[in-house]
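Everything below concerns the one structure shown next.
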Amino acid sequence: MKISRRHLLAWPLAIATALAIGTSAQAAPPKDTFVMAKDISDIITLDPAEVFEFSGGEMIANIYDKLMMFEPENLTKLVGGVAESWDISEDGKTIAFAIRPDMTFHSGNPVTAEDVVYSLRRVVKLGKTPSFIITQFGWTPENVDELIVVDGDKAKITITEEFSPALVLNALSAGIASIVDMKEVMAHEVDGDMGYGWLKNNSAGSGPFMLKSWKANELVSLEAFPDYRHGAPGVKRVIIRHIAEPSAQRLMIEKGDVDLARDLTPDQIEGISSNEDLKIQADPKGALIYLAANASDPILGNPKVVEALRYLVDYQGMANSFLQGQFKVHQAAWPGGLWGAYDETPFTLDVEKAKALLAEAGYPDGFEIKIDTLNSSPYPQIAQSVQATLAQAGIRASITTAEGKTLWPMYRAQKHQLILAQWSPDYTDPHSNLDAFAHNPDNRPEAKLTGVLAWRNAWADEATNAKVVAARNELDLDKREALYQEIQHDLQMNSPYAILFQQTEQSAIRKEVEGYVSGATFDMIYYRGITK
Amino acid sequence: MANTTSRAATGPFLSLPGPVKSILNMLLTLVLTFVGLTAVTFTIGRVMPADPVLAIVGDRASQEAYDKVYTEMGLDRPIYAQYGRYLVELAQGDLGTSVMTSRPVIEDIKRFFPATLELATIATLMGVLIGVPMGVWAAVNQGRLIDHVVRVLGLIGYSVPVFWLGMVALLIFYGNLGWVAGPGRLDVYFDGVVEPVTGFILIDAAMAGEWDIFDNAVSHLILPASILGAFALAYIARMTRSFMLDQLNQEYILTARVKGVSEPGVVWRHAFRNVLVQLITIIGLTYASLLEGSVLTETVFSWPGIGQYITTSLFNADMSAVLGGTVVVGTCFVGINMLSDLLYKLVDPRART
């Protein structure tokens, strides 16, 4: 191979040429390619039976069709995904799904009831973390072959626990209910692993995009599936570039090297608001920020103290300043904008009322307390604001920040006093959050219900437990919704939590880009309508 | 570490013949270094509060799911047993599987390490080719304007945070002027076009005759390499100046001048040759530190290198990846130091005995 002199001199020449001519060194993305800048360091797998991370969940939502779905055209209406229709038995315990005809996987294989049954059984048998979303219906590796079966050309599921069918259908819209191509996955099975090793880095779906490559901490590349059931996506290729640094994301979107930037800070959003080539899209998210008090602590175990804490947060002050545009005040345990939401915000900063409550609780001069929180923005800032307002009532708070991998073990071991943390729904049904916030059937430390927030905070209330179970089982949708709102009201008045904010995600988008849809959970972020 | 290696050469095996003794000493140093390195990293990984199980199961996992993975990872066994198992696997060339990337650590390293090596090599070359003459020039002109300029530049290059310098450089040369390409190693449209053979994009692109990709890679590389290069340059220039001043004040220099040796001859043949050993150490250490210490530059420029890999893995409690990365960086340290030792013997006759 002959290397020309031009290329031997490329380095100094590139500098000289660049300095002399000053031309742009990077081309804008082609019309058929959509490029997004995002921190995707959280992706650790792309197997839908295991994905439980935000970025990974988002990829899955675009590669796989789920059994049930909230489609981008109407994010509030649950419709069939792979399922064309479904019949619910009278007792509400059996649901038979008819599968859409003429639907194919990326491999060309037809989507059948066998694939649906295999996909759900696979989730239960692999038993990865998000499997609880469906194993709560009573499915175990031992019984799942009898409870999830092919019935003629339908996939039939039977639950053994008392659950409202509406909840079951909602749960089957989560990423965990993604339907995989059984033949393709089985072809890559090693030592009976149900394709687990292979599917972490590959895809076998029927969604609008196919996974071309995932290079950890570098990029995810998706290619359009032209035979998708809703028609070919608007762009041929979607590339998600791992750009961890928000400042770099801002530079790239302004230069036109990416079409969308996902992780800009409020001041960066402010900074680009006057750029005519860009627009800002604000999407309400399901993520809630809350303050929780460990009820096993001698001071925080007093409900009056926790009530006082709720009056010692400058909700609006924070929302109007450093959280501007990215968080709004929300004080209930299920996010606003979703079915079952409760939008009352009874608490404002009221130091006098808090002082009176503290005096009533026996702490007229306040006390010392520790707040643990994450070390990433905006948690330290929120903690500092809370620290300042607590001080107005004589409460002397110290703040400790840590990485999630350090903070969560402590939280799960009930070793905190106050913790400022975040929670997002696992699936689009209020049970997802209220089961975690409110339902603690066994408050003993040795019960180790570490996934349950109420247990982590050593708090249980019999009446609330009963209401959560009743709402979970209720067949009448209106009654169900009323029950969930009642539970949220109860939690506002009596619980270890002060729920503070709901996230709004602000994305910077090139003005020629249309059709990016970002719903409340990662299961509802869709690329298929994007055009540019 | 260079000195450690040298000291080991005088350690055990005194009764053996020279070359055999050297090789055995080298191997002993290598083994001891690795055992020490892995033992310390392993222990830190196990005693730090970050939980490796949560890295896999997530913070919402039930206790059953947590316990299952805890046992699968062998964390229920005593730490010495875990370490012993790691050493056995390491001896078989198995660095484990990364939680973060779901791939064998060895494959990750094959992908991330060349990116860093490419960056660090070019930065070190810039540092040597510009920094050494600058240092010599400043020393020869001690107290004059050029000396002050080199000293101030050295101070700035060494004390300005790389992170800040990177952001400002990106803003000016990429954001405002558009002279160079932005973050990343390549434009995404070129991703996967060239089959990685060496892992060095410049070499792979040149071998494939893909000159558009080569040019694009150069455009991406200029800025981060220059930032790192500025750091290397500042340090090397400063140290060269200091070593040269030391030598230029020696009596043998005066003798050479009295004997009528030309000024360039005094500087380059006499003084410079005597600072070479020290310079080799400095250059070796700079190169090694750039290999593992360029994490901030890698973060700013979204450069998928080993520094970022180790750091992200550490934050994610992904200990197999951290250990694997540490072993590779440790190997580089030892390798560079051994190379320095060999070079000493080439440039300094006293070191050959």
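The values are calculated or read from the model by the stated rules, or taken from the named source; none is laboratory data. Every value quoted in this text rests on a predicted model; they were computed, and no experiment measured them. Here Cβ is always computed from backbone atoms with ideal geometry, including for glycine, and neighbour counts include all displayed protein chains. Only protein heavy atoms, including side chains, enter the accessible area calculation; ligands, DNA and RNA are left aside. Shrake-Rupley method; radii C 1.70, N 1.55, O 1.52, S 1.80 Å.
All other residues whose Cβ lies under 13 angstrom from that of A:Leu420 are scored, Lys and Arg at +1 and Asp and Glu at -1, for a net of 0.
By DSSP, the beta bridges lying fully in the protein assembly as shown are antiparallel in about 75 percent of cases. Can you compute the helix-only [θ] at 222 nm over the protein assembly as shown? Use -39500 (n - 2.57) per DSSP H run of at least 4 residues, normalise by all residues, nearest 500 deg cm²/dmol. The helix contribution divided over the protein assembly as shown gives -14500 deg cm²/dmol. Counting only heavy atoms of the protein chains and using a 1.4 Å probe, A:Phe52 has close to 40 Å² of accessible surface. The stretch B:172-228 and the stretch A:235-269 have Cα centres separated by 19 Å.
Of the two radii for the stretch A:157-282, the radius of gyration is 1.08 times the Kirkwood radius, both from the alpha carbons; that is the Rg over Rh value.
Normalised size of the stretch A:142-215, defined as Cα radius of gyration per 2.2 N^0.38 Å with N residues, equals 1.33. Taking the alpha-carbon centroid of each part, what is the distance from the stretch B:40-102 to the stretch A:182-229 in angstrom? When both Cα centres are located, 27 Å separates them. Taking the average, over residues, of other Cβ atoms within 10 Å as the packing measure, peptides A:308-316, A:451-459, B:251-259 rank A:451-459, A:308-316, B:251-259 from highest down.
Taking max minus min of the alpha-carbon positions on each principal axis, chain B gives extents of 84, 65, 40 Å, largest first. Overall, the accessible surface of the protein assembly as shown at a probe of 1.4 angstrom is composed of carbon and sulfur to the extent of 58 percent.
Where does the stretch B:17-91 land on the Kirkwood hydrodynamic radius, alpha-carbon pairs, in angstrom?
On the way: mean 1/r = 0.0677 Å⁻¹.
That comes to 14.8 Å for the stretch B:17-91.
Among DSSP beta bridges lying fully in the stretch A:284-505, give the percent that are antiparallel, nearest 5.
So the antiparallel bridges in the stretch A:284-505 amount to around 60 percent.
Computed packing ranks the peptides B:211-221, B:155-165 as B:211-221, B:155-165, most packed first, by mean other Cβ atoms within 10 Å. With a 10 Å cut-off around each Cβ of B:300-313, the average count of Cβ atoms from other chains is 3.
Between the stretch B:237-292 and the stretch A:476-528, what's the alpha-carbon centroid distance in Å? Distance between centres, Cα-based: 67 Å.
Close amide-amide hydrogen proximity is noted between A:Trp86 and A:Ala98, each under 5 Å apart and 5 or more residues distant or on a separate chain (H modeled in the peptide plane; Pro and chain starts excluded). The packing ranking of peptides B:324-332, A:510-518, A:344-352, A:193-201, highest mean first, is B:324-332, A:193-201, A:510-518, A:344-352, where packing means the average number of other beta carbon atoms within 10 angstrom of each residue.
Size of the stretch A:65-182: Rg and Dmax of its alpha carbons, in Å, are 13.2, 39. Evaluated at 20 °C with a viscosity of 1.002 mPa s, what Stokes-Einstein diffusion coefficient in µm²/s does the stretch A:94-148 have when Rh comes from the Kirkwood expression over alpha-carbon pairs? So the translational diffusion coefficient is about 174 µm²/s.
Shielding value for A:251-260 is 3, the average number of Cβ atoms from other chains within 10 Å of each residue's Cβ.
In the protein assembly as shown, the convex hull through the Cα atoms has an average projected area of 43.9 nm², a quarter of its surface area.
With the biggest extent put first, the Cα atoms of the stretch B:122-189 measure 51, 21, 19 Å across the principal axes.
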